[in-house]
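Student: Quick one: structure below, then a few questions.
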Amino acid sequence: MKYLCFILVLIVSCTKKETIKIGDVIFREPISISQLSEAINEVTQTQKVTNYTHMGICFIENDSVKVIHSDADFGVVIQSLNTFLKPSDSTKYNADVYRINDLKVSQAINVINNAKALVGEPYNTTYVFEDEGYYCSEFVYEAFKDHQVFQLEPMTFKDPKTNQFHEGWISHYKALNIEIPEGKLGCNPNGMANNNQLTLVESFRD
């Protein structure tokens, strides 16, 4: 029985590695409830009813899945899949991996090279494309820009229920002492997950 369990674990592990490929995009739901994460989710909902607030790009290194992403605390970093999914022991996570339809291996390698070139860049807390650093979806957009996968759209920071600026965004931009960049071009995880060039290939639930 002990050896049977080991074989089953090995099979599941190998299946995970084969499922995720270089260039796949991973979307994560909020790992903690904060005013800002609620604001991101509530103003960017799509008809797919996703509630993603973070995202990154996958690649394989030494038979392990790695994720490159722009983290609010660390800037652009490379982490293991497990660390991306579960940054702390108490973290509960829901995440989905999507594949870009018809993305060639050579194109995926180019995406990862673009992404790796940005490692160490700071997080863009203003969410304005022209400002220093990269927020998570801006980073993914930049990595894929040679292949025209994602498009920029006018951003809104208003609660669709009230058509007023969400309190989370009001507090965020007040702390930065700048105006809310309503209408400026940008992107967000929920909008990018709604791209018809993406196909769901894997889900992680804890």
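The values are calculated or read from the model by the stated rules, or taken from the named source; none is laboratory data. Keep in mind that what you see is a predicted model, and the values were worked out from it rather than measured. In this analysis, Cβ positions are derived from the backbone assuming ideal geometry, glycine residues included, and neighbour counts consider all displayed protein chains. Surface areas here come from the heavy atoms of the whole protein model, side chains and all, with no ligands, DNA or RNA. Shrake-Rupley method; radii C 1.70, N 1.55, O 1.52, S 1.80 Å.
Student: Criterion first (open to solvent by 40 Å² or more (accessible area, probe 1.4 Å), over 29 Å from residue 170 (Cα atoms) and not β-branched (Val, Ile, Thr)) does residue 104 satisfy it?
Tutor: Details: open to solvent by 40 Å² or more (accessible area, probe 1.4 Å): yes; over 29 Å from residue 170 (Cα atoms): yes; not β-branched (Val, Ile, Thr): yes.
Spelling it out, residue 104 is indeed open to solvent by 40 Å² or more (accessible area, probe 1.4 Å), over 29 Å from residue 170 (Cα atoms) and not β-branched (Val, Ile, Thr).
Student: So which residues in region 176-199 are touching a residue at least 24 places away in the same chain (Cβ under 8 Å), out of contact with any strand residue (DSSP E or B) (no Cβ under 8 Å at 6 or more places or on another chain), more than 18 Å from residue 165 (Cα to Cα) and not in a helix (DSSP H, G or I), if there are any at all?
Tutor: Quick first cut of region 176-199, residues touching a residue at least 24 places away in the same chain (Cβ under 8 Å) only: 176, 178, 181-195, 197-199.
Now drop any that are not out of contact with any strand residue (DSSP E or B) (no Cβ under 8 Å at 6 or more places or on another chain), which leaves 176, 178, 181, 188, 190, 194-195.
Next, only the ones that are more than 18 Å from residue 165 (Cα to Cα) stay: 190, 194-195.
Result: 194, 195.
Student: I would also like to ask the following. Is it the case that residue 66 is at pLDDT 85 or above, in contact with a Lys or Arg (Cβ under 9 Å, 6 or more places away or on another chain) and surrounded by fewer than 23 Cβ atoms within 10 Å (Cβ to Cβ)?
Tutor: no
Student: Among the residues of region 173-191, count how many are open to solvent by 10 Å² or more (accessible area, probe 1.4 Å) and either touching a helix residue (DSSP H, G or I) at 6+ places or on another chain (Cβ under 6 Å) or polar (S, T, N, Q) (or both).
Tutor: The number of residues fulfilling the criteria is 4.
Student: Another one. Identify, by number, the condition in (1) among the hydroxyl-bearing types (Ser, Thr, Tyr); (2) open to solvent by less than 30 Å² (accessible area, probe 1.4 Å); (3) within 14 Å of the chain's Cα centre (by Cα) that residue 141 doesn't meet.
Tutor: The one condition residue 141 does not meet is (2).
Student: Restricting to region 74-85, name every residue that is open to solvent by 50 Å² or more (accessible area, probe 1.4 Å) and under 18 Å from residue 189 (Cα atoms).
Tutor: None - no residue of region 74-85 is open to solvent by 50 Å² or more (accessible area, probe 1.4 Å) and under 18 Å from residue 189 (Cα atoms), so the list stays empty.
Student: Something else: Every residue in region 130-154 that is in contact with a strand residue (DSSP E or B) (Cβ under 8 Å, 6 or more places away or on another chain), in a loop (DSSP other than H, G, I, E, B) and over 13 Å from residue 70 (Cβ atoms), please.
Tutor: 149, 152
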